[in-house]
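Taking it in order: structure first as structure tokens, then the write-up.
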Amino acid sequence: MTEPAAALPIPPEIAPERTLNAAQWGMASFLVSEVAFFSTLIVAYVTFLGRDVVGPLPAEALSLKLAFGTTLCLVASSIFIHFAEGALRRGNNASFKLLWAATIALGVAFLVGTAYEWHDLIFEKQLTISRNLFGTTYYTLVGFHGLHVTVGVIAMSIILLLAARGAITKEHETGVQLVSWYWHFVDVVWIVVFLVVYVGAKGGSV
Amino acid sequence: MATVDHPQRLARSGIAADAASRGWAAALHEWTTTVDHKKIGIMYVLMSLVFLVIGGIEALLMRWQLFYPRAEVIGPNVFNQLFTMHGTTMVFFVGMPILIGIGNYMLPLMLGARDMAFPRLNAFGFWITLFGGLLVYLSFITGAAPEIGWFAYAPLTEHTFDRNAGTDFWALGLLISGIGTIGAAVNFIATILGMRAPGMTMRKIPFFAWTMLWTSFQMLLAIPPLTAALVMVLFDRQLGAHFFDVQNGGSAYLWQHLFWFFGHPEVYILILPVFGMVSEVIPVFSRKVLFGYEFMAAATMAIAFISLGVWAHHMFCVGMSRTLDLYFAAASLIVSIPTGIKFFNWLATIYGGRVSLQSPMLFCFGFLSMFLIGGLTGIMLAAAPFDFQLSDSYFVVGHFHWVLIGGTLFGTFAGIYYWYPKVTGRMLSERLAHWHFWLLYIGFILTFGPMHVSGILGMPRRIYTYDPSRDWEWWNQLTTIGALVQTPSYAIFVYNLIASLWKGKPAVDDPWDAWTLEWTTSSPPPSYNFETQPIVHSRRPLWDLKHPDDPDWQYE
């Protein structure tokens, strides 16, 4: 006697997954590696604090006022890029370009401030990378941060040029968003550097 | 839905056929400009095999020098260069690239994706890794390869003590290839987390993907500190900075911390993907599902996290505080718990299965037996008092070769034998595979077993010769003979790889009757991987296709 063939089991419906997309995961994991990189430089900076045999020491060399000004530039730029991103998402291209250009200008202002600071440090205060441990760790940490700011400014300028030619629209939202993540990251690193290096120099008895 | 048997078989375009049909120049152009994850994966593996041969020759030269006491075959300087280059090559230009290469080839296929998330970043990562390797080797033409050991302890690397350019080549080469490795890690994470086939939730991904995910996570956290440390060395040497310059307040101790913060996770970067490969092979050749998938995944994650906090067990003899010694010893011992979970799960997978001893499974058994011993000597060394006695002796050299060859290499060979038919459309010769396995197995035990003994007898690592009165020669001679027994096994392997491209038995799409998605495409896969997007309902999508009346998803 033969059993009637059982109906094949029917697989369940597949619910679409809602997580980050691949590009967002990529930028997020790249930024994790950057966190590891800057943490190492900060560890080196802190390790050598107070172990210098010759000056100038942080308290003598650094200007908190100037650093506060450049910090304000970067914090403001993070706010501008946030609203620029929102403008693009709403399809408001004109205000996107304006806010984006303001972000770039603030990034450039930060770099100019740093250049002025370094000129003063090198030529007035005789602090170079080979002068003492403070110089060694300071220029490495702040220099790599400045390099990241420069890369960000270049990336944002390319996007601005493309936007001026009408080549950046709402559908490029993810790319613009990833650049903005990078820029926020660069700002957060700077806030840590500002607290550890500049505020630390004035606050601690180094 | 993908079908098991492709009705319209796609044109087979193996590597050999590729080159033969279109001429070498066209093929070369295609391979150097490709962004296809499969071609990049193959190039990674080929690069690693070339560096494996170079690193092996360096090892043989060292063993020749150590065969007799007071031998004068190559002399101290060349010996220093050889152990530096051997270690650097094997870790950075064989171990990591071969695993990244296999991951590159296999992951998109196993996840049901057409390519990696960032194909151009992928190509960039390969070329920059290769050029990093070439840069390190370029130091030979300056007449002075680095003589600093693979861990390049400061202040030996400072300009004061080391004025030849080899160290600069070394640092720059590793810096560059490290950037490539981070690119690969970013790509793996984006692919695994963002490009899986519909229905393939994180609880259903092939186990190899789990391990590649956590390996990538470790790369993201471990390689940048090395990059930063290499930048510091270069700044010290080129710009007069003082990071590791002890005369000006710098710290040699900082280098050790930074290097081992990279160096310890590195050994897990080299073993986790292998855990994944054997976890793919063992179930298929035991005809059972992987035992305790969830526990295996959790154990992988636990290893990835714990191993980031154990680096200073390489530094017990530096003279840290007793508190630090205790912490790092305890943390290191804890890694053995998730590793033990994995081990028993593999055994439970095999237990009661219908085991077939074809070459991939044979290498898995090699892996299981040898990795166990390497793990146990690791536990011995994690105990600080034991380490005080045997640190920097040949016991340590024996231990890590036991793990890296008995673990990483045997497991990698299992993966290569398993996936070769998919990649080339040809089967490897089983007879040659067995020769390869037994020569390697016996030669390996003979090489690295005696190292434990010479270490206990007090032989320090990195010495270029020794006095006959020490009674180390018998053990060194055994080691050298072991190296000579191993050598032909690699030659057989390479011959098998090349000869089977032409003479191998043609492979069907699914020669091992396996269960993961890569076996649903043709062998070799077409450039777009899948004709239609596969849909996944369980951990063994191919089982579901083969057994529509009793699919896995009913039970998961």
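The values are calculated or read from the model by the stated rules, or taken from the named source; none is laboratory data. Computed from a predicted structure; not experimentally measured. In this analysis, Cβ positions are derived from the backbone assuming ideal geometry, glycine residues included, and neighbour counts consider all displayed protein chains.
Quick check on B:P524: is it within 14 Å of chain A (Cβ to nearest Cβ) and part of a loop (DSSP other than H, G, I, E, B)?
no
Name the single residue that is farthest from B:Y420 (Cα to Cα) among those in segment B:1-56 being modelled with pLDDT of 60 or more and in a loop (DSSP other than H, G, I, E, B).
Here the residue is B:G23.
Just need a number here: residues in segment B:139-153 that are closer than 13 Å to B:V78 by Cα and assigned to a loop (DSSP other than H, G, I, E, B).
Of the residues in that region, 7 qualify.
Are there any helices (runs of 4 or more DSSP H) wholly within segment A:38-155 with 2 or more residues that are under 30 Å from A:K170 (Cβ atoms) and of a type in the set (S, T, Y), and if so which?
Ranges flagged: A:64-89, A:93-119.
Listed here are the residues, each with its yes/no results for (1) within 19 Å of B:N80 (Cα to Cα); (2) out of contact with any His (no Cβ under 8 Å at 6 or more places or on another chain); (3) more than 14 Å from chain A (Cβ to nearest Cβ); (4) acidic (D, E).
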| site | (1), (2), (3), (4) |
| --- | --- |
| B:Y137 | yes, yes, yes, no |
| B:P155 | yes, yes, yes, no |
| B:E158 | yes, yes, no, yes |
| B:G166 | yes, yes, yes, no |
| B:W170 | yes, yes, yes, no |
| B:G173 | yes, yes, yes, no |
| B:G180 | no, yes, no, no |
| B:N187 | no, yes, no, no |
| B:M195 | no, yes, no, no |
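Of all residues being surrounded by fewer than 24 Cβ atoms within 10 Å (Cβ to Cβ) and facing chain A (nearest Cβ under 7 Å) in segment B:232-247, which is nearest to A:L31 (Cα to Cα)? Just the residue, please.
Here the residue is B:F235.
Filter segment B:222-266 for residues that are on the phi < 0 side of the Ramachandran plot and not in a helix (DSSP H, G or I) and give the result.
Within segment B:222-266, B:A241, B:H242, B:F243, B:F244, B:D245, B:G250, B:S251 meet the criteria.
From the list A:H148, A:H172, exactly one residue is in contact (Cβ under 8 Å) with a residue 60 or more places away in the chain and within 14 Å of another protein chain (Cβ to nearest Cβ). Which is it?
Selected residue: A:H148, the only one of A:H148, A:H172 that is in contact (Cβ under 8 Å) with a residue 60 or more places away in the chain and within 14 Å of another protein chain (Cβ to nearest Cβ).
Conditions tested, residue by residue: (1) within 12 Å of chain B (Cβ to nearest Cβ); (2) touching an Asp or Glu at 6+ places or on another chain (Cβ under 8 Å); (3) buried (at least 18 other Cβ atoms within 10 Å of the Cβ).
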{"position": "A:A7", "(1), (2), (3)": "yes, no, no"}
{"position": "A:L66", "(1), (2), (3)": "no, yes, no"}
{"position": "A:A76", "(1), (2), (3)": "no, no, no"}
{"position": "A:L88", "(1), (2), (3)": "no, yes, yes"}
{"position": "A:N92", "(1), (2), (3)": "no, no, no"}
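For residues that are touching a His at 6+ places or on another chain (Cβ under 8 Å) and either closer than 24 Å to B:D36 by Cα or assigned to a loop (DSSP other than H, G, I, E, B) (or both), scanning just segment B:530-556, find the one that is nearest to the other protein chains (Cβ to nearest Cβ).
B:P551
Would you mention how many residues in segment B:155-194 are assigned to a helix (DSSP H, G or I) and among the acidic types (D, E)?
Here the count works out to 1.
Every residue, every condition in (1) of a type in the set (D, E); (2) in contact with a helix residue (DSSP H, G or I) (Cβ under 8 Å, 6 or more places away or on another chain); (3) within 26 Å of B:L258 (Cβ to Cβ), yes or no:
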position	(1), (2), (3)
B:P283	no, yes, no
B:A298	no, yes, no
B:V318	no, yes, yes
B:S332	no, yes, yes
B:F344	no, no, no
B:L347	no, yes, no
B:F371	no, yes, no
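With respect to A:E34, is the statement that it is touching a helix residue (DSSP H, G or I) at 6+ places or on another chain (Cβ under 7 Å), more than 9 Å from chain B (Cβ to nearest Cβ), touching a residue at least 60 places away in the same chain (Cβ under 8 Å) and of a type in the set (D, E, K, R) true?
no
Kindly indicate which of A:T137, A:T103, A:T128, A:T169 is closer than 17 Å to A:V193 by Cβ and among the β-branched types (V, I, T).
A:T137
Within segment A:93-148, track down each residue that is among the β-branched types (V, I, T) and out of contact with any Gly (no Cβ under 6 Å at 6 or more places or on another chain).
Scanning segment A:93-148 gives A:T103, A:I104, A:V108, A:V112, A:I122, A:T136, A:T137, A:T140, A:V142.
Residues in segment B:147-158: is at least one buried (at least 20 other Cβ atoms within 10 Å of the Cβ), free of Cβ contacts under 8 Å to residues at least 40 places away in the same chain and not β-branched (V, I, T)?
No, segment B:147-158 has no match at all.
Of all residues in segment B:425-460, how many are touching a residue at least 12 places away in the same chain (Cβ under 8 Å) and among the basic types (K, R)?
Number satisfying all stated conditions: 1.
With respect to the numbered conditions (1) more than 7 Å from chain A (Cβ to nearest Cβ); (2) touching a residue at least 60 places away in the same chain (Cβ under 8 Å); (3) within 22 Å of B:D36 (Cα to Cα); (4) buried (at least 24 other Cβ atoms within 10 Å of the Cβ), which one is the sole condition not fulfilled by B:T211?
With respect to (1) more than 7 Å from chain A (Cβ to nearest Cβ); (2) touching a residue at least 60 places away in the same chain (Cβ under 8 Å); (3) within 22 Å of B:D36 (Cα to Cα); (4) buried (at least 24 other Cβ atoms within 10 Å of the Cβ), B:T211 is out only on (3).
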